[in-house]
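Novice: I am attaching a structure below and will ask some questions about it afterwards.
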Amino acid sequence: MDYKEGEILIIDKPLRWTSFDVVNKVRWHLSKALKVKKIKVGHAGTLDPLATGVVILTTGKKTKMIEQLQAGVKEYIATLQLGATTPSYDLEHPIDNTYPTAHITRQLIEQTLPKFRGEIWQVPPTFSAVKIDGKRAYEYARKGAEVELKPKLLTIDELEILSFDPQAMQLTLRIVCSKGTYIRAFARDFGEALNSGAHLTALRRTRVGQYTLKEAVQLEDALATIDQNAI
């Protein structure tokens, strides 16, 4: 592989790693293996630390393809806990409110899904990397400051129930959506649409554009390949 000229790497991001952590780790191993001080490495689409799955990395001249690559349709497997919310809409923060769930049935969920298919307006999470006056929204949120984020027009192409546990009130969905969709924000909005609350307990990205988990390699395997075959 010619990393200097440019390569596309499909990584299965580990849990609790940021996308930037993955980029930095790969860049460090490439610099060491190629014996260079600098080498371009970028990623096409951020994935939250508590999410796993497909992250596209580019090296060398292929970094020019980042915008093209991250524009691809995304597919996720998302597990929602119904009846409770957190400030970040996932497990990064503890539960702050609980809500009634006795009225929630699979039938109600199926009746609610069509409201989220097609074009939708979505307000990004307060705990997100959206920029406001040069700062990330999460920087304000962590200080307890209130911020107003503008809704964005997005598209959800497919929305499918994979499982629903009425006892635990856990719902797992397959979601195919456009660039810029926050699945944490979807969980928030879907919980509200059920006249309850919801937050993400697990998220796995299974596809970005043409690239799927079938092509993805574990980070440690990718680093081992770089160390052995970079030159």
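Novice: Could you give the size of the charge dipole of the chain about its Cα centre, using +1 on the Cβ of each K and R and -1 on the Cβ of each D and E, expressed in debye and rounded to the nearest 20?
Specialist: In total the dipole reaches around 960 debye.
Novice: While we're looking at this one, here's another question. Could you size up the charge dipole of the range 12-86 around its Cα centre, putting +1 on the beta carbon of Lys and Arg and -1 on that of Asp and Glu, and report it in debye to the nearest 20?
Specialist: That gives the range 12-86 a dipole magnitude of about 720 debye.
Novice: Any idea how far apart residue 227 and residue 212 come out in nm if each label point goes 7 Å out from Cα toward Cβ?
Specialist: Each label point is offset 7 Å from its Cα along the Cβ direction, giving 3.2 nm.
Novice: Where does the chain land at 222 nm, in deg cm²/dmol rounded to the nearest 500, when only DSSP H runs of n ≥ 4 count, each adding -39500 (n - 2.57), divided by all residues?
Specialist: After summing the helix terms and dividing by residue count, I get -7000 deg cm²/dmol.
Novice: How far, in degrees from 0 to 90, does helix 183-193 lean away from the longest principal axis of the Cα atoms of the chain, to the nearest 10?
Specialist: Compared with the principal axis, the helix lies near 10 degrees.
Novice: How much length would be gained if the chain were fully extended between residue 123 and residue 172, taking 0.36 nm per residue of separation minus their Cα-Cα distance, in nm to one decimal?
Specialist: Gain on stretching residue 123 to residue 172: 15.4 nm.
Novice: Turning to a different aspect of this structure: Considering only Cα-Cα distances, which of the following residue pairs are longer than 20 Å: 74/152; 25/74; 37/61; 38/64; 4/38?
Specialist: 25/74
Novice: For residue 50, what residues show an amide H to amide H distance below 5 Å, using hydrogens built from the backbone and excluding near sequence neighbours?
Specialist: 16
Novice: Using a Förster distance of 22 Å, how high is the FRET efficiency between residue 32 and residue 8, based on the Cβ-Cβ distance and rounded to 0.05?
Specialist: 0.60
We did not get these values from a lab; they are worked out from the coordinates using the rules stated. It should be emphasised that the depicted structure is a prediction, and the values quoted were computed from it without experimental measurement. Neighbour counts are summed over all protein chains in view; Cβ atoms, including those assigned to glycine, are modelled from backbone coordinates with ideal geometry.
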